[in-house]
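Trainee: A single structure is presented below for examination.
None of the figures in this text is laboratory data; all of them are computed from the coordinates on show. In this text, all values refer to a predicted model and were calculated from it rather than measured experimentally. Please note: Cβ atoms are built from the backbone with ideal geometry, for glycine as well, and neighbour counts cover all protein chains shown.
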Amino acid sequence: MRKKRFVLLTGNRGFFGQTREAWVSMDVGKMVRAFEREGLKPEVMPFHAVVNGAVSVRDAVVFYTFSQKPNRRQYIIDAIRFLDDGTNFIVPRYDLLLCHENKGYQELFKRRLGVESLAASYFSSADDLSGYPVEFPVVLKSADTSNGKGVFLVRDEAELMRRIRGLERQSLGTRLDLFRRKHLRRKKRYPAYPDYDNRTDYVQYREYALKERNFILQEYVPDLTWDWRVQAMAGKYYVIRRRTFKNDFRASGTKLHEFSREADPALLDFADGIFRKMDAPFLSMDIGARGRGYCLFEFQALHFGVNSVINSPGYHSRDGSAWRFTETRSEIETEIATGLVRYLDGLGPDPG
Ligand SMILES: Nc1ncnc2c1ncn2[C@@H]1O[C@H](COP(=O)(O)OP(=O)(O)OP(=O)(O)O)[C@@H](O)[C@H]1O
Ligand SMILES: [Mg+2]
């Protein structure tokens, strides 16, 4: 893998996310120097150069940034799909790009990989729910939000419908248009469509114009007072315990973080098992305790928050059949470069 050409794809103005926030780039120069110290020579280029044929990328390892902005997200998806042509080695792979900020596809992908998980279903509309028995309470998550904003604990069917309706949006323009179609429209006729009638057309258009949000329903794990963010960096595991707010089941969005020098080996084994199935250099996992074991709430293979790495007093790694904690301060650009190289080299047993 090291012999291949190595391409590093950035966003606009050399952006490579992320550091403090989703809009703050890493230092790409520093990352390049860290790769060079590992013996790799990255060719740094923006997505648009690949998309518009200014450079041709074949037989290369392709490592890329992500963007939370919807248009750039789509642009990146297009570019990576284009490059995923069988000659390039895409890191992280295309499926993991689709999983990002898409809790719906995450559920499908977990199912395909056989990652044991919480029971979950994925829908694009409240109408589709009939025929699928829902056990309450259940966790409703809009597919595309983060920071716990689209995550709700729902106790019964009426509340579920209310919450789903709350995710739907009808712009003022559409509402006015619907009013016009309903009340102000002359009777129309289409010779080719003799069944046409204004009222039916209005009802069908109303359904078509409604801006819905895709959502998942995920089995609820009761009575948690914290969850873990486990950040895997190719064999190194950084662990944060995040406490939930009082009277809220969610731990994300709280700033109540503790770095764990001591972590349950079973938690690390669980995280390690998922990490290996996903086949990526980096994986951020939100994990909860469930019965005597653990469960995965969601994951991200790129553009994850990096505070767990840079503020941590160290990381856990495998030491034979046990785990050990190494005290160290980590710099994100170096961890990305060395982690990627460990991954490309086939994940050696000790990242030490
Ligand atoms: N099925 C569940 N049962 C119990 N608690 C859950 C469940 N799913 C999520 N939670 C809690 O809600 C929090 C937010 O859920 P999740 O991580 O899926 O959403 P998010 O909006 O992507 O959050 P973030 O972007 O901050 O990671 C989790 O950290 C966890 O504390
Ligand atoms: Mg989360």
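Trainee: Which of Cys99, Cys295 has the fewest other C-beta atoms within 10 Å, and how do the rest follow up to the most?
Mentor: Cys295, Cys99
Trainee: Between Ser121 and Arg33, what FRET efficiency follows from the Cβ-Cβ distance if R0 is 51 Å, with the result rounded to 0.05?
Mentor: Working from the Cβ atoms, E equals 0.65.
Trainee: Using the beta-carbon distance between Val24 and Arg112 and R0 = 51 Å, what value does 1/(1 + (r/R0)^6) give for FRET efficiency, to the nearest 0.05?
Mentor: Numbers: r = 33 Å, r/R0 = 0.65.
After rounding, the FRET efficiency stands at 0.95.
Trainee: Neighbour counts of other C-beta atoms within 10 Å: give me His183, His48 arranged from fewest to most.
Mentor: Placing the least packed residue first, the sequence is His183, His48.
Trainee: Moving on. Work out the charge dipole of the stretch 128-283 with +1 on the Cβ of Lys and Arg and -1 on the Cβ of Asp and Glu about the Cα centre, then indicate which of Tyr205, Leu178, Tyr220 is farthest towards its positive end.
Mentor: Leu178
Trainee: Quick query: amide H of Ile90 versus all other amide H atoms, modeled in the peptide plane; which residues come in under 5 Å with a sequence gap of 5 or more or a different chain?
Mentor: Val62
Trainee: Report, to the nearest 10°, how far helix 28-37 tilts away from the longest principal axis of the Cα atoms in the chain, using its own Cα long axis and a range of 0 to 90°.
Mentor: Once rounded, the angle reads 40 degrees.
Trainee: Further question on the same structure: Expressed as an acute angle from 0 to 90° and rounded to the nearest 10, what is the orientation of the C-alpha long axis of helix 70-83 relative to the principal long axis of the chain?
Mentor: Orientation of helix 70-83: about 60 degrees from the principal axis.
Trainee: As I understand it, the value is the acute angle between the Cα axis of helix 198-209 and the longest principal axis of the Cα atoms of the chain; what does it come to in degrees, rounded to 10?
Mentor: 10
Trainee: Now, a different point. How many nm is it between the label spots at Arg13 and Asp144, if each spot is 7 Å from the Cα in line with the beta carbon?
Mentor: 2.4
Trainee: When the chain is fully extended, how far beyond the present Cα-Cα distance does Asp128 get from Lys277, taking 0.36 nm per residue of separation?
Mentor: Details: separation 149, 0.36 × 149 = 53.64 nm, distance 3.10 nm.
Answer, rounded to one decimal: 50.5 nm.
Trainee: Rounded to the nearest 500, what is the 222 nm mean residue ellipticity of the chain from helices alone, with -39500 (n - 2.57) per DSSP H run of 4+ residues and division by all residues? Let's see the in-between values first.
Mentor: Details: 11 runs with 112 residues, N = 352.
Value at 222 nm, helices only, nearest 500: -9500 deg cm²/dmol.
Trainee: Okay, next question. Would you mind ranking Val61, Val239, Val115 by Cβ crowding within 10 Å, fewest neighbours first?
Mentor: Details: Val61 20, Val239 25, Val115 16.
Listed from fewest to most nearby Cβ atoms, that is Val115, Val61, Val239.
Trainee: Using only the alpha-carbon atoms, what does the stretch 169-211 span along each of its principal axes? Please give whole angstrom values in decreasing order.
Mentor: Here the spans come out as 34, 19, 12 Å, largest first.
Trainee: Semi-axes of the equivalent ellipsoid for the chain, please: Cα gyration tensor eigenvalues, times 5, square-rooted, ordered largest first, whole Å.
Mentor: Values: eigenvalues 330, 160, 56 Å².
For the chain, the ellipsoid semi-axes come out as 41, 28, 17 Å.
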